[in-house]
Amino acid sequence: MKPEELWDARWGADHIDVVVQSADVAWLTWEITAQSMDACRQRLGRQWPQARLTLRVSWKPQRGGVQVLDLPLERWQGERFVPLGAPGHVHHCTIGLLAPDSADGVFMAIARSAPFVSPRNTPAPQGEVVWTQPNAREERS
């Protein structure tokens with residue numbers, strides 16, 4: 001596939017792209033299609049008017065269950081910086097509709113990012129330092 005065909009293939013498809021900036025912050029771009037909006041409208045029925053477009057950042061700490069951070073979104077496509085839950089953990093970003101008036105807080109997922117790991121925020125452990133010379137010939141025995 002040519003690069004321009006890959007670019008055109010992304011238009012009109014639900015997606016979330018993530019670029020991790022640091023241990024605490026990621027940059028997201030997203031697009032949610034009108035077809036997905038219509039499907040959600042039909043599935044939510046009477047809850048549709050109260051449902052809010054939401055970005056859900058989730059991660060699993062070493063101890064305990066999955067943690068989530070819900071952030072409201074204003075548009076079906078866009079870009080923004082988002083806070084990450086915990087350095088050095090696997091995260092997911094999911095965009096969906098949150099119906100706050102329902103008894104169980106229904107979250108209807110529309111698009112989900114690939115899993116990504118935020119870098120740790122501490123120095124790497126000490127280890128052996130090995131220097132190399134790019135053009136040096138190794139002696140072979």
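The values are calculated or read from the model by the stated rules, or taken from the named source; none is laboratory data. What you are looking at is a predicted structure, and each value in this text was computed from that prediction instead of being measured. All Cβ positions, glycine included, derive from the backbone under ideal geometry; neighbour counts span all protein chains shown.
Within the range 121-136, identify whether any single residue is among the aromatic types (Phe, Trp, Tyr) and surrounded by 13 or more Cβ atoms within 10 Å (Cβ to Cβ), and answer yes or no. No, the range 121-136 contains no residue that is among the aromatic types (Phe, Trp, Tyr) and surrounded by 13 or more Cβ atoms within 10 Å (Cβ to Cβ). Checking each residue of the range 38-50 against the condition of being among the charged types (D, E, K, R) and in contact with a Phe, Trp or Tyr (Cβ under 7 Å, 6 or more places away or on another chain) gives at least one match. Residues considered: 87, 61, 83, 72. Of these, the only one that is closer than 30 Å to residue 120 by Cα and modelled with pLDDT under 85 is 61.
Table: residues versus (1) in a strand (DSSP E or B); (2) under 15 Å from the mean Cα position of the chain (by Cα).
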position	(1), (2)
65	no, no
78	yes, yes
81	yes, yes
91	yes, yes
108	yes, no
121	no, no
127	no, no
131	no, no
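For the range 24-58, filtered to residues that are farther than 20 Å from residue 116 by Cβ and among the aliphatic types (A, V, I, L, M), the residue that is surrounded by the most Cβ atoms within 10 Å (Cβ to Cβ) is 51. Selection of the range 59-77 for residues being out of contact with any His (no Cβ under 6 Å at 6 or more places or on another chain) and surrounded by 10 or more Cβ atoms within 10 Å (Cβ to Cβ) yields 60, 61, 66, 67, 68, 69, 70, 71, 73, 75, 76, 77. Residues in the range 47-58 that are assigned to a strand (DSSP E or B) and in contact (Cβ under 8 Å) with a residue 40 or more places away in the chain were compared, and the one that is farthest from residue 34 (Cα to Cα) is 56.
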